[in-house]
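Have a look at this one.
Nothing in this text is a laboratory measurement; each read-out follows from the coordinates by a stated rule. Everything numeric in this text was worked out from a predicted model, so none of it was measured. When we count neighbours, we look across all protein chains shown, and the Cβ atoms used for this are built from the backbone with ideal geometry, even at glycine.
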Amino acid sequence: MAKRSKSEESDPRQKLLQELKGLIKDIDEEGLLFLIKQANTLIYNQRVEELNREAEELQRGKQSKSEESRAVVEGAVAIERGSFGRSYIVDFRGMRKTFAEAEMLGLVKVAQAASDTGDGALRLLRWLKRNRDDVLLDVGIADQRDPVLAELYSVLRKNFALREE
């Protein structure tokens, strides 16, 4: 066994990496594929959390502006494309949340499938509960009667369309 440096012994991440390396040799191919999928999911979630933190920091910077500019943002739902084009930033009542392209496509599909605003709000609430409950918690959406869901439905229907393939 190779001798480890003191920094490797005291670094918890290095200990975990060493333990994982030791276990990998005993895992079959199917197990390795599962681990790879899980690792990709973890990495994706970390990136989304990082983007959300950056968006929240940006929002905090914007909120430090005058009360007048804050009043314009509150109550509005706005959607903008992320700076690298792979995500969307949805502003809910001044709370900015980042959505991946696939998530935005899911929201658009839900909005397009609804028969009216009430149905759309309920469908969006269900989708958010299933896929992004952090949005419901952070924005303070309790049920389908929350006006922000009706507004989100309206913005999605107005600004996005599904392509026929």
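Could you give the nm distance between label points at residue 137 and residue 25, where each point is 7 Å from its Cα heading toward the beta carbon?
Label-label distance for residue 137 and residue 25, simple model: 4.1 nm.
For Cα pairs less than 8 Å apart in space and 6+ apart in sequence, what is the mean separation divided by the residue count of segment 11-159, i.e. the relative contact order in percent?
Values: 133 pairs, mean separation 26.4, N = 149.
Contact order relative to length: 18 percent.
Separate question: Roughly how many nanometres apart are two label points built 7 Å out from the Cα toward the Cβ at residue 158 and residue 49?
Taking the two extended label points, one gets 3.5 nm.
Dipole of segment 11-159 (Lys/Arg Cβ +1, Asp/Glu Cβ -1, origin at the Cα centre): which of 35, 48, 77 lies farthest to the positive side?
77
Along Cα→Cβ, 7 Å out, is where each label goes; now give me the distance between the ones at residue 37 and residue 83 in nm to one decimal.
3.4
Which value results when the Cα radius of gyration for segment 11-159 is divided by 2.2 N^0.38 Å?
Numbers: Rg = 19.3 Å, N = 149, 2.2 N^0.38 = 14.7 Å.
Here the Cα radius of gyration is 1.31 times the empirical estimate.
Assigning unit charges at the beta carbon (Lys, Arg +1; Asp, Glu -1) and nothing else, what dipole magnitude in debye, to the nearest 20, does segment 11-159 show about its Cα centre?
On the way: 25 positive and 26 negative charges, 47 e Å.
Using Cβ point charges on Lys, Arg, Asp and Glu, segment 11-159 gives about 220 debye.
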